[in-house]
Amino acid sequence: MERLQKVMAHAGVASRRKCESIIEEGRVKVNGQVVTELGVKVSSSDRITVDDIPIGKEERVYYLFYKPQNVLSSVSDDRGRPVVTDYVKVDQRIYPVGRLDFDTTGALIMTNDGDFSHYMAHPSHEVDKEYQATLEGLITNEALKQLRLGVRLEQGVTSPAKTKLLKRDPKKNISVVNITIHEGWNHQVKLMFQTVGFPVKRLHRIRIGHLKLDGMIPGEYRRIKPFELKQLRGEA
Ligand code: URA
């Protein structure tokens, strides 16, 4: 017997957390009965449906997507804004692994594998994410040092970040910095730079682990290769 949300995530419905919301919304039936509690356990002989559609053992798929600016990291939006699944058109019910802000561009993984999504979201697995940030002002060495040591945010102190200063442009009064972190707190990079006194004007995710957007343009996506998945899972 396994928990209903785990079985749903395994079947590729959504992440475990999202499956919990789907259950609470009353969209799930077990053997024809609506289930809204989260503690329920099911066995392989139970018939599970979401919106009256039986969950199956959908093939697990993994895509790398180059998210354009002004696209929501979500599968739907009640305000009608563009969402990532408008771009990544595949047969499976995929969703983004973590989130990039509406205005942030760059690398985003999309999958229907709830366990993989869960693994990637966990900071203890320390999957590096590298961002390129364009900042207001000329960033100081002191501020860069603070980012490398850790910055106190509401969620806690960030782990030491790697930073690489690419440019300080006094004419435009901007700086460009590459920063590598492995947590994925909400708005983390923007908050880190804001806290050290240099607000982000533009943010782009260059890399997730070894995965880069080489040769891709905004809006494009490609399958993630088996060896790349192994690298992301720390198995290679
Ligand atoms: N950090 C942010 O502040 N925004 C993002 O989109 C990603 C990381």
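If you go through segment 220-234 and keep only what is touching a residue at least 12 places away in the same chain (Cβ under 8 Å), loosely packed, with under 14 Cβ neighbours inside 10 Å and in a loop (DSSP other than H, G, I, E, B), you end up with just GLY234. Out of LYS167, LYS145, LYS172, LYS129, which single residue is in contact with a strand residue (DSSP E or B) (Cβ under 8 Å, 6 or more places away or on another chain) and more than 22 Å from LEU72 (Cβ to Cβ)? Checking each option against the conditions leaves just LYS167. Checking segment 103-119 against the condition returns no match, with no residue being within 23 Å of THR180 (Cα to Cα), free of Cβ contacts under 8 Å to residues at least 60 places away in the same chain and within 11 Å of the ligand (Cβ to nearest atom).
If the condition is being buried (at least 19 other Cβ atoms within 10 Å of the Cβ) and more than 14 Å from PRO160 (Cα to Cα), then segment 177-189 contributes only VAL177.
For (1) at pLDDT below 90; (2) assigned by TED's automatic domain parsing to the domain that holds PRO226; (3) open to solvent by less than 60 Å² (accessible area, probe 1.4 Å), each residue gets a yes or a no:
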site: VAL35; (1), (2), (3): no, no, yes
site: VAL40; (1), (2), (3): no, no, yes
site: ASN70; (1), (2), (3): no, yes, no
site: SER73; (1), (2), (3): no, yes, yes
site: VAL84; (1), (2), (3): no, yes, yes
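Taken over segment 140-176, residues that are touching a Gly at 6+ places or on another chain (Cβ under 7 Å), closer than 25 Å to GLY234 by Cα and open to solvent by 80 Å² or more (accessible area, probe 1.4 Å) amount to 1. The criterion of at least 2 residues that are of a type outside the set (Gly, Ala, Ser) and within 30 Å of ARG222 (Cβ to Cβ) is met, among strands (runs of 3 or more DSSP E) falling completely within segment 1-76, by 62-67. Name the single residue that is nearest to the ligand (Cβ to nearest atom) among those in segment 70-102 being acidic (Asp, Glu) and in contact (Cβ under 8 Å) with a residue 12 or more places away in the chain. Once the filter is applied, the top-ranked residue is ASP101. Looking at segment 133-219, the strands (runs of 3 or more DSSP E) lying wholly inside it that each contain 3 or more residues that are more than 16 Å from the ligand (Cβ to nearest atom) and over 23 Å from ASN70 (Cβ atoms) sit at 162-169.
The values are calculated or read from the model by the stated rules, or taken from the named source; none is laboratory data. If you're wondering where the values come from, they're calculated on a predicted model, not measured in any experiment. Note that each Cβ is placed from the backbone with ideal geometry, even for glycine, and that neighbours are counted across all protein chains shown. Ligands, DNA and RNA are stripped out before the accessible areas are found, and what is left, the full protein with its side chains, is counted by its heavy atoms. Shrake-Rupley method; radii C 1.70, N 1.55, O 1.52, S 1.80 Å.
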